[in-house]
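K.L.:
Here you go, one structure.
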Amino acid sequence: MLIFDTEANDLLDNATKIYIFGWTTDGENVYTSTDPKEFLEVLGQHDMAGAHNCYRYDFPLMEKLLGYKYEGLKVDTLWLSWVLFPKRSKHGLDDWGKDVGIQKVKVDKDQWAEGNYELMKARVTEDVKINWRLWEKQERLLKELYDG
């Protein structure tokens with residue numbers, strides 16, 4: 001499983017540039033790249049990939065800006081959070097980060113437009129780490145539900 005995140009200059013409707021991609025396959029090593037070709041090559045090598053809100057943001061963003069349509073199994077950890085933890089009041093990575101002990105990097109509204117590389121790299125890296133921990137929790141629960 002590849003867990004990834006993208007950071008762009010705006011929300012989907014207004015985004016014109018992806019600043020950085022981040023990903024992990026083991027939860028320990030997080031890789032980043034500003035080169036879409038490099039990331040898409042890595043993504044294309046995995047038949048299962050997921051991100052938080054990837055159905056409504058990351059995958060449509062890649063299709064819109066890069067013309068890339070992922071053909072593998074898409075796992076949206078936000079949607080899984082809604083289904084697996086219905087009593088939870090908040091499902092964002094910021095709140096999940098608090099639960100798993102990883103602080104989400106804050107980006108002020110005016111900082112999105114400038115795309116500070118170090119800030120975006122820190123943001124995407126920590127989001128990938130949080131999301132990996134969330135995915136581990138979700139995967140365990142899914143195995144209990146369906147294998148158990």
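K.L.:
Loop only per DSSP, at most 16 neighbouring Cβ atoms within 10 Å: give me the GluC sites (Glu not before Pro) in region 44-117, ordered by residue number.
P.N.:
On the way: sites: E63, E71, E114; in loops: E71.
Those that pass, being in a loop and sparsely packed, are E71.
K.L.:
List the lysines whose Cα lies under 19 Å from the Cα of K74, skipping any in the same chain that are fewer than 8 positions away.
P.N.:
K64, K129, K137, K143
K.L.:
Post the alpha-carbon centroid distance, region 20-58 to region 130-148, in whole angstrom.
P.N.:
Centre-to-centre distance over Cα atoms comes out at 19 Å.
K.L.:
Still on this structure, I have one more. With a 1.4 Å probe and all protein chains left in place, how much accessible area per residue does the chain have, in Å²?
P.N.:
Values: 8330 Å² over 148 residues.
Solvent-accessible surface per residue comes out at 56 Å².
K.L.:
Name the longest site-free stretch of the chain, where the excluded sites are trypsin sites (Lys or Arg not before Pro) in a DSSP loop with no more than 15 other beta-carbon atoms within 10 Å. Let's see the in-between values first.
P.N.:
On the way: sites that count: K17, R56, K69, K87, R88, K90, K106.
Formally, the longest exposed-site-free interval is 107-148.
K.L.:
Would you mind computing, in nm to one decimal, how far apart the modelled labels at N29 and Q103 are, each placed 7 Å from Cα along Cα→Cβ?
P.N.:
With each label placed 7 Å out from Cα toward Cβ, I get 2.8 nm.
K.L.:
What ³J(HN,Hα) values, in whole Hz, does the Karplus curve 6.51 cos²θ - 1.76 cosθ + 1.60 give for region 62-73 when θ = phi - 60°, with x put for Gly and Pro?
P.N.:
Residue by residue, region 62-73 yields 5, 5, 5, 8, 10, x, 10, 10, 6, 9, x, 6 Hz.
K.L.:
For a Förster distance of 41 Å, can you work out the FRET efficiency between the beta-carbons of T16 and L141, rounded to the nearest 0.05?
P.N.:
0.60
K.L.:
May I pose another question? Report the relative contact order of the chain, percent, no decimals, based on alpha-carbon pairs under 8 angstrom and at least 6 residues apart.
P.N.:
Details: 217 pairs, mean separation 41.6, N = 148.
RCO, the chain: 28 percent.
K.L.:
Further question on the same structure: Apply the Karplus parameterisation 6.51 cos²θ - 1.76 cosθ + 1.60, with θ equal to phi minus 60°, to every residue of region 2-11 and state each ³J(HN,Hα) to the nearest whole Hz, in sequence, with x for glycine and proline.
P.N.:
9, 9, 9, 8, 10, 10, 10, 7, 6, 5
K.L.:
Long-range amide H contacts for Y68: which residues qualify at under 5 Å (H placed 1.01 Å from N, peptide plane, sequence gap of 5 or more or a different chain)?
P.N.:
HN-HN under 5 Å from Y68: E63.
K.L.:
From the phi angles alone, apply the Karplus equation (6.51, -1.76, 1.60; θ = phi - 60°) to region 121-135 and give each ³J(HN,Hα) in whole Hz, x where the residue is Gly or Pro.
P.N.:
Once θ is set to phi - 60°, the couplings for region 121-135 become 5, 4, 4, 5, 5, 5, 4, 5, 4, 4, 5, 4, 4, 5, 4 Hz.
K.L.:
Can you list residues from other chains, or at least 5 along the same chain, whose modelled amide H is less than 5 Å from the amide H of V75?
P.N.:
Those qualifying (amide H under 5 Å, at least 5 residues apart or on another chain) are A49, G50, A51.
K.L.:
How charged is the neighbourhood of D147? Take every other residue with its Cβ under 14 Å from the Cβ of D147, and add Lys/Arg as +1 and Asp/Glu as -1. Could the numbers behind the result be given before it?
P.N.:
Details: positive: R140, K143; negative: E139, E144.
Net charge around D147: 0.
K.L.:
Counting only protein heavy atoms, what percent of the accessible surface of the chain is carbon or sulfur at a 1.4 Å probe?
P.N.:
Numbers: 3970 of 8330 Å².
Using a 1.4 Å probe with all protein chains present, the chain comes out at 48 percent carbon and sulfur.
The values are calculated or read from the model by the stated rules, or taken from the named source; none is laboratory data. On a predicted model such as this, the values are computed, not experimentally measured, just so you know. Ideal geometry is used to build each Cβ from the backbone, glycine not excepted, and the neighbour counts take in all protein chains shown. The area values use the complete protein model at the heavy-atom level, side chains included, leaving out ligands, DNA and RNA. Shrake-Rupley method; radii C 1.70, N 1.55, O 1.52, S 1.80 Å.
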